[in-house]
């Protein structure tokens, strides 16, 4: 700071400020001035648009491109771009694009174990304790070194990402046309938030950075742009046959773009969350969700956990505190809720030994009615005093009958219930339009996860099991069991965007990719409940495993009939696959996951398959002891579960 001040002082003329500005104004008005690039006075400068009216001719790019030759746009400095030539009157006095967008090529190319040097020592604690009912506070988890963005006073090194390159535009197009359909749990061709929001914002930011000079572009917008590019390059790198570059080329670009996105994200959370430089809430939430998607896509579990927790912080500080939430913001809320709840369903790395005191709070014994409990739902849900949700609490002792299940949440409760703790459905829910899945399904996943976490806390912490606690726990189990089973038995409801009468809609949806995947999700929900809450013998679940297998095969057939690629969500295949006991069932689910990974390149398919096969191996070893009355000669009464394997491997399986 001292050297900068000294340098600036030396460049300021000896006379007063008004005189300097007057000379600068006169110089700009001088049309015949010889020095078009010298319009600077001390620390001040003026853009000369005359120099940008005509551009020198560019060399014609050959039609024939060597497949092994790197794209020259990634080996040249941005100063050579016609878009930037003559735009800044004095480049030495201003922050250049090449400086802003330069990247560090020294980072590991792909799947770096410690992309944040400052995070490496906190990885285990972040994974185990992120959330933990802590106050909102600051965005403390997403910290990157100060060298995430280069010093603007140093020249841009070769290898910077050139945003004016056609490659960048092609990556955005590839994201829109190829990546987004693979992101969808049920690819059906209707618009998704990724297309409506993230892609549109990325295109706008690219235009502002290239054609409009980048003036006023927020770090949140840049973070979203680079995150989208990182995702697109990663997926393209898993299918290099779609381009003339090698997989290593795209993987390197993906890593560079993600590092740049992280740096802009950190600055945005530090400088653009409040105050004079505050950016739009929607843009900040968009960038975090995009980076969370990249972390999930590349199996970076520590980073994904950080992004999900900080997304919740942002929601409670800026989002839920708003009096009116726009439709676009609500769409982003829905994306966050989907990622968080599906992610929490397979998160079993809580530090149960420190959670004894949570049990009684999680199972309240007060006499408040269900409606009275819900009337205070919004208390401490937003603002800086809100508490982060670690899915280890059940705030209200809900009614023990099902009379309220047909009711709808009021508008305020629907907006505040970002983790679907209230079993009623929001009449303004957008999950059907976005994912093709009802809010009730996602709610039951959330409810099952919460109840299972409380059961695990009691089991692992050694807390005293009082009569009141056990009775309350059993009531909740029975009520949730009735809800899960009755919901799974229902036929998929018609979607609003499907035409014709209701009966034909039902017939249409049952044979569509949506209907097939809904059947798979419903059957796997039953398996999920009975594994996590009731912990039943896996033989009981085989009929539901068969239902999932059949539904997934129908899903693939429906995709092929509509020329859609898929692959759909891996969640039902994993939940069912870990319970499969015969070779035929296992082989079919294993093949489905292998196919999904080949189509998408998403790490979730690969890691889920490895975990599933580990469960099979351990279960078979544990069950090889002959047990009286079992014709197979195997005893599955004390089976190894996928939760055991994930805890043993300290792994969070991210299936969002």
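The values are calculated or read from the model by the stated rules, or taken from the named source; none is laboratory data. All of these numbers come straight from a predicted model, not from anything done at the bench. Please note: Cβ atoms are built from the backbone with ideal geometry, for glycine as well, and neighbour counts cover all protein chains shown.
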Among (1) in a helix (DSSP H, G or I); (2) in contact with a helix residue (DSSP H, G or I) (Cβ under 8 Å, 6 or more places away or on another chain); (3) farther than 20 Å from residue 649 by Cα; (4) modelled with pLDDT of 95 or more, which single condition is residue 580 missing? (1)
Listed residues 486, 504, 500; which is assigned by TED's automatic domain parsing to the domain that holds residue 452, surrounded by fewer than 17 Cβ atoms within 10 Å (Cβ to Cβ) and either closer than 25 Å to residue 183 by Cβ or modelled with pLDDT under 95 (or both)? 486
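If I filter the range 415-425 for residues that are over 25 Å from the mean Cα position of the chain (by Cα), at pLDDT 80 or above and over 27 Å from residue 349 (Cβ atoms), do I get at least one hit?
There is at least one residue in the range 415-425 that is over 25 Å from the mean Cα position of the chain (by Cα), at pLDDT 80 or above and over 27 Å from residue 349 (Cβ atoms).
Which ones in the range 215-264 are outside any helix (DSSP H, G or I) and either in contact (Cβ under 8 Å) with a residue 60 or more places away in the chain or within 22 Å of residue 596 (Cα to Cα) (or both)?
218, 238, 239, 243, 244, 245, 246
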With respect to residue 515, is the statement that it is modelled with pLDDT under 95 and within 21 Å of residue 444 (Cα to Cα) true? yes
Identify, please: which residue in the range 558-570 is more than 19 Å from the chain's Cα centre (by Cα) and touching a residue at least 40 places away in the same chain (Cβ under 8 Å) and is, among those, surrounded by the most Cβ atoms within 10 Å (Cβ to Cβ)? 559
Residue 257 fails exactly one of (1) closer than 21 Å to residue 308 by Cα; (2) out of contact with any helix residue (DSSP H, G or I) (no Cβ under 8 Å at 6 or more places or on another chain), namely (2)
